[in-house]
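The values are calculated or read from the model by the stated rules, or taken from the named source; none is laboratory data. The structure displayed is predicted, hence computed values, not measured ones. Backbone-built Cβ (ideal geometry, glycine too); neighbour counts: all protein chains shown. Ligands, DNA and RNA are excluded from the accessible area calculation, which covers all protein heavy atoms including side chains. Shrake-Rupley method; radii C 1.70, N 1.55, O 1.52, S 1.80 Å.
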Amino acid sequence: MVIKIYEDKTALGRAAAEQAAVSLCKAIQESGQARIIAATGASQFEFLDALTAMPGIDWPRVEMFHLDEYVGLPASHPASFRKYLLERLIQKTGMSKYHFLEGDGDVPKVVRRVAAQLMAAPIDVAFVGIGENGHLAFNDPPADFQTEEPYLLVDLDEACRRQQVGESWFADLSEVPKRAISMSVRQILKSKEILAVVPEARKAQAVKSCFEGEVSPLAPASILRTHA
């Protein structure tokens, strides 16, 4: 694991975008395509702004998979991760190959379909964040470090749900869904490269716990330290 610290979230986002662009171009050059996993949330704003402005990325050759999504939330809702990815990544780049988790549809069927496509070939790079409670995707503590299932149906803990209110995605806690579809920890770790973009002081304790404490399901993102 390589940890890099920047003065502010703009510099962090730009540096992460430069790293991501190199990885995407390398994958496209070597295999004709790049397969990615994309995170959402306020932490990814500057990164995605910088990435989508990067020259030289052949976006029609990039295939994107969805990290997580709320159960029961329509794609039109301001907090929908599908809406987020459409507006902040897909429409800006002209990317044509992407696989959405439709949390307001037939969830078991959606999970089976996207999981089959996900496992069809290796993932070149995963973009992830880390939650205020140390979560990785929507794997809240204690996270399941054992399951080999690509996607899980998870219960969101209160700290995670409060973070969504704090980031102004919902007006109050009662509006935040209690369940979500999340990529599993082990599936994320199968990515060739993982780029964790974690700005803001409110995440500092979570980063410290995950990168300086023990590798534990109680600090889900700590598992990143085991990645090759």
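Considering region 91-123, and only residues there that are part of a loop (DSSP other than H, G, I, E, B) and under 14 Å from the mean Cα position of the chain (by Cα), the residue that is nearest to residue 198 (Cα to Cα) turns out to be 123. Selection of region 141-160 for residues being crowded, with 20+ Cβ neighbours inside 10 Å and closer than 17 Å to residue 170 by Cβ yields 156, 160. If only residues of region 205-219 that are part of a loop (DSSP other than H, G, I, E, B) and touching a residue at least 24 places away in the same chain (Cβ under 8 Å) are counted, the one that is surrounded by the most Cβ atoms within 10 Å (Cβ to Cβ) is 217. Would you be able to say whether some residue in region 106-120 is surrounded by 18 or more Cβ atoms within 10 Å (Cβ to Cβ), among the small types (Gly, Ala, Ser) and closer than 30 Å to residue 21 by Cβ? Yes: one or more hits. For region 179-204, how many residues meet the condition of being part of a loop (DSSP other than H, G, I, E, B) and modelled with pLDDT of 95 or more? Total meeting the criteria: 7.
Within the bounds of region 51-61, is there any residue that is touching a strand residue (DSSP E or B) at 6+ places or on another chain (Cβ under 7 Å) and surrounded by fewer than 20 Cβ atoms within 10 Å (Cβ to Cβ)? Yes, because at least one residue in region 51-61 is touching a strand residue (DSSP E or B) at 6+ places or on another chain (Cβ under 7 Å) and surrounded by fewer than 20 Cβ atoms within 10 Å (Cβ to Cβ).
Annotation note: Cβ proximity below 6 Å between a residue of region 21-32 that is more than 15 Å from residue 121 (Cα to Cα) and surrounded by 13 or more Cβ atoms within 10 Å (Cβ to Cβ) and a residue that is of a type in the set (Gly, Ala, Ser) and modelled with pLDDT of 95 or more (sequence gap 6+ or interchain) occurs for 24/34. Mind listing just one residue for me: the one in region 124-137 that is part of a loop (DSSP other than H, G, I, E, B) and within 19 Å of residue 45 (Cβ to Cβ) and, of those, most open to solvent (accessible area, probe 1.4 Å)? Only one residue tops the list, namely 132.
Out of the residues in region 179-204 meeting the condition of being open to solvent by 80 Å² or more (accessible area, probe 1.4 Å) and in contact (Cβ under 8 Å) with a residue 60 or more places away in the chain, tell me which one is nearest to residue 110 (Cα to Cα). Selected residue: 179. Restricting attention to region 155-200, the residues being touching a strand residue (DSSP E or B) at 6+ places or on another chain (Cβ under 7 Å) and closer than 19 Å to residue 84 by Cβ number 11. For residue 46, state whether it is among the charged types (D, E, K, R), surrounded by fewer than 24 Cβ atoms within 10 Å (Cβ to Cβ) and touching a Ser or Thr at 6+ places or on another chain (Cβ under 8 Å). Considered against the rule, which asks whether it is among the charged types (D, E, K, R), surrounded by fewer than 24 Cβ atoms within 10 Å (Cβ to Cβ) and touching a Ser or Thr at 6+ places or on another chain (Cβ under 8 Å), residue 46 comes out as yes. The set of residues in region 98-150 being in contact with a strand residue (DSSP E or B) (Cβ under 7 Å, 6 or more places away or on another chain) and without any contact (Cβ under 8 Å) to a residue 60 or more places away in the chain consists of 98, 99, 100, 114, 115, 117, 150. Of the residues making up region 92-105, just one is open to solvent by 20 Å² or more (accessible area, probe 1.4 Å) and among the hydrophobic types (A, V, I, L, M, F, W, C), namely 100.
Check 85, 89, 73 and return the single one that is within 25 Å of residue 178 (Cβ to Cβ), in contact with a strand residue (DSSP E or B) (Cβ under 7 Å, 6 or more places away or on another chain) and either of a type outside the set (Phe, Trp, Tyr) or open to solvent by 60 Å² or more (accessible area, probe 1.4 Å) (or both). So that I can check it myself, show each step before the final result.
Numbers: 89 fails: within 25 Å of residue 178 (Cβ to Cβ); 73 fails: in contact with a strand residue (DSSP E or B) (Cβ under 7 Å, 6 or more places away or on another chain).
Exactly one of 85, 89, 73 is within 25 Å of residue 178 (Cβ to Cβ), in contact with a strand residue (DSSP E or B) (Cβ under 7 Å, 6 or more places away or on another chain) and either of a type outside the set (Phe, Trp, Tyr) or open to solvent by 60 Å² or more (accessible area, probe 1.4 Å) (or both), namely 85.
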